[in-house]
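Working notes for the structure below.
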Amino acid sequence: MSKDSFVSLQPKTMETKRLVTADGSIVYYLNIDGVNKMHNIDGPAYLPQGNKRSAEYYLFGIKYSKLDWDDRKKDTNGVPWYKTAAGKAAGARV
């Protein structure tokens, strides 16, 4: 079995990019293995002509309302493993 026949389940590249169109619209999209999907975890993924009132929220290409997007954002782990108190206490000598 050669390396070329091995299929990885992990995406090779995932990077979020910002695009500003000629009419002033702002689009945030995620590039996953060459496929572009609208995505922004920090705010609206689509701002038509910079208008925040008509902003649209997307996660991995799926459109959400503002309330649903807020709920999805809150579901993520907010504290990284290296900022927990248990990590410091486990290695401390008393």
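Nothing in this text is a laboratory measurement; each read-out follows from the coordinates by a stated rule. The structure displayed is predicted, hence computed values, not measured ones.
What's the extension gain from Ile62 to Asp33 if we count 0.36 nm per residue and subtract their Cα-Cα distance? Please report the intermediate quantities before stating the final value.
On the way: separation 29, 0.36 × 29 = 10.44 nm, distance 1.74 nm.
Answer, rounded to one decimal: 8.7 nm.
Using θ = phi - 60° and the Karplus curve 6.51 cos²θ - 1.76 cosθ + 1.60, what whole-Hz ³J(HN,Hα) does each residue of segment 56-66 get, with Gly and Pro shown as x?
Once rounded to whole Hz, the list reads 10, 10, 9, 10, 6, x, 9, 7, 10, 6, 4.
Report, by chain and number, residues whose modeled amide H sits under 5 Å from the one on Asn40, excluding near sequence neighbours (fewer than 5 apart, same chain).
Correct list: Tyr58, Phe60.
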